[in-house]
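A.B. asks: Would you mind keeping the following structure in view while I ask a few things?
The values are calculated or read from the model by the stated rules, or taken from the named source; none is laboratory data. These figures come from a predicted structure and were not determined experimentally. Neighbour counts are summed over all protein chains in view; Cβ atoms, including those assigned to glycine, are modelled from backbone coordinates with ideal geometry. Side chains are part of the model used for accessible areas, which takes the heavy atoms of the whole protein and leaves out ligands, DNA and RNA. Shrake-Rupley method; radii C 1.70, N 1.55, O 1.52, S 1.80 Å.
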Amino acid sequence: MADRVLAGKAAVVTGSNSGIGLGVAEALAAAGADVVINSFTDAPEDHALAERLSRDHGVTVRYIQGDMSKAEDCRALVEKAGRCDILVNNAGIQHVAPIPEFPAEKWDAIIAINLSSAFHTTAVALPMMRKAGWGRVVNIASAHGLTASPYKSAYVAAKHGVVGLTKVTALETATESITCNAICPGYVLTPIVEKQIPDQMKTHGMGREEVIAKVMLARQPSGEFATVEQIGGTTVFLCSDAAAQITGTTISVDGGWTAL
Ligand code: NAD
């Protein structure tokens, strides 16, 4: 087994039955933490996924259904978890449209899931962390928490909001053994990104590979997608003792995007 630096810790990862959330849950479990995974569905495969993680890593992994667009579900998720030493706010959705055509209900959903959910889960988790005398909040923001792109108004606004919330959470816990940081990934090839490829192909009249290289990775100087394993590894680092004095900041995992 890999270094079990998080043995005995309990983690909650929102939106974690696929993509980055699943990669983070897997990395935390591999580091020895018990994990609660979540999404808005309640399918047999969600529970099977929890069992698979539990088996693979020899830790307790539970699936708890909760719709992160609803304040009461966000709060109930952490309450049902019972313990929360490590909170990873990861659930997120995307919609791309110019501002005049941006559907108001999409704006509301993105702000709720990508931003407000982190406020609600953090509000319930902090008292638990204080009781335990230790805690880590890791918010999965984005390169779009630090920079902007056209047609992504709600997403960019929400992710900048997450970076702001990260700083406030860090200041409110600064003198305790609790830290809060945001990871800002560039493009990671997950379902949320896969879904954007056909639209981008249509918009730019390009094939898949050309869209990936010339449009999606145009701002990522490395020319490569980041991986869910890299986001998982960064999360485990932020939860480690080496990161105890890192708080209220952002770590970019973006192949150089924000250096441009
Ligand atoms: P994804 O679509 O693969 O995963 C999103 C997860 O959130 C899924 O598990 C989904 O079930 C869950 N989710 C969606 N709506 C939910 C809801 N209402 N309640 C509970 N769970 C819900 O996407 P991803 O790429 O893994 O994105 C994860 C996070 O990383 C998001 O916050 C996203 O903004 C951020 N991010 C992704 C990239 C990227 O390139 N993939 C880059 C920067 C930031």
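A.B. asks: Test of understanding: among Leu77, Leu146, which residue is more than 19 Å from Ser18 (Cα to Cα) and at pLDDT 95 or above?
C.D. replies: That would be Leu146, the only listed residue that is more than 19 Å from Ser18 (Cα to Cα) and at pLDDT 95 or above.
A.B. asks: Do we have any residue at all in segment 229-238 that's hydrophobic (A, V, I, L, M, F, W, C), within 15 Å of the ligand (Cβ to nearest atom), outside the structural domain of Arg130 (by TED's automatic domain parsing) and in a helix (DSSP H, G or I)?
C.D. replies: no
A.B. asks: For segment 183-205, enumerate the residues that are away from the ligand (no atom under 12 Å from the Cβ) and either under 21 Å from the mean Cα position of the chain (by Cα) or crowded, with 16+ Cβ neighbours inside 10 Å (or both).
C.D. replies: Listed by number, the residues that qualify are Gln200, Met201.
A.B. asks: Report every pair of residues separated by at least 6 positions or lying on different chains whose Cβ atoms are under 7 Å apart, first residue within segment 136-147 and more than 12 Å from Gly161 (Cα to Cα), second within 9 Å of the ligand (Cβ to nearest atom) and outside any strand (DSSP E or B).
C.D. replies: That search, which allows pairs on different chains as well, returns Ala143/Gly186; Ala143/Asp254.
A.B. asks: Using the structure shown, decide if Val96 is open to solvent by 60 Å² or more (accessible area, probe 1.4 Å) and touching a helix residue (DSSP H, G or I) at 6+ places or on another chain (Cβ under 9 Å).
C.D. replies: Taking the combined requirement at face value, the residue satisfies it.
A.B. asks: Looking at Ile64, Ile93, can you tell me which residue is among the β-branched types (Val, Ile, Thr), in a loop (DSSP other than H, G, I, E, B), in the same structural domain as Ala157 (by TED's automatic domain parsing) and within 15 Å of the ligand (Cβ to nearest atom)?
C.D. replies: Of Ile64, Ile93, the one residue that is among the β-branched types (Val, Ile, Thr), in a loop (DSSP other than H, G, I, E, B), in the same structural domain as Ala157 (by TED's automatic domain parsing) and within 15 Å of the ligand (Cβ to nearest atom) is Ile93.
A.B. asks: Taking the criterion of being without any contact (Cβ under 8 Å) to a residue 60 or more places away in the chain, more than 9 Å from the ligand (Cβ to nearest atom) and in contact with a helix residue (DSSP H, G or I) (Cβ under 6 Å, 6 or more places away or on another chain), would at least one residue in segment 2-25 satisfy it?
C.D. replies: Among the residues of segment 2-25, at least one is without any contact (Cβ under 8 Å) to a residue 60 or more places away in the chain, more than 9 Å from the ligand (Cβ to nearest atom) and in contact with a helix residue (DSSP H, G or I) (Cβ under 6 Å, 6 or more places away or on another chain), which makes the answer yes.
A.B. asks: Sticking with this structure for a sec: Within segment 92-102, is even one residue of a type outside the set (S, T, N, Q) and within 20 Å of Val228 (Cα to Cα)?
C.D. replies: yes
A.B. asks: Scan segment 110-132 and tell me whether some residue there is touching a His at 6+ places or on another chain (Cβ under 9 Å) and not in a helix (DSSP H, G or I).
C.D. replies: Among the residues of segment 110-132, not one is touching a His at 6+ places or on another chain (Cβ under 9 Å) and not in a helix (DSSP H, G or I), which makes the answer no.
A.B. asks: When you go through Gly19, Gly32, Gly15, Gly58 one by one, which is the residue that is assigned by TED's automatic domain parsing to the domain that holds Asn181, on the phi > 0 side of the Ramachandran plot and open to solvent by 50 Å² or more (accessible area, probe 1.4 Å)?
C.D. replies: Being assigned by TED's automatic domain parsing to the domain that holds Asn181, on the phi > 0 side of the Ramachandran plot and open to solvent by 50 Å² or more (accessible area, probe 1.4 Å) holds for just one of Gly19, Gly32, Gly15, Gly58, which is Gly58.
A.B. asks: May I pose another question? It is to be established whether one or more residues within segment 139-161 are open to solvent by less than 30 Å² (accessible area, probe 1.4 Å), out of contact with any Lys or Arg (no Cβ under 6 Å at 6 or more places or on another chain) and more than 16 Å from the ligand (Cβ to nearest atom).
C.D. replies: No: zero hits.
A.B. asks: Closer than 21 Å to Gly233 by Cβ, at pLDDT 95 or above and part of a loop (DSSP other than H, G, I, E, B): is that true of Gly21 in this structure?
C.D. replies: no
A.B. asks: Is it true that Glu105 is surrounded by fewer than 16 Cβ atoms within 10 Å (Cβ to Cβ) and within 15 Å of the ligand (Cβ to nearest atom)?
C.D. replies: Numbers: surrounded by fewer than 16 Cβ atoms within 10 Å (Cβ to Cβ): yes; within 15 Å of the ligand (Cβ to nearest atom): yes.
Yes, satisfied.
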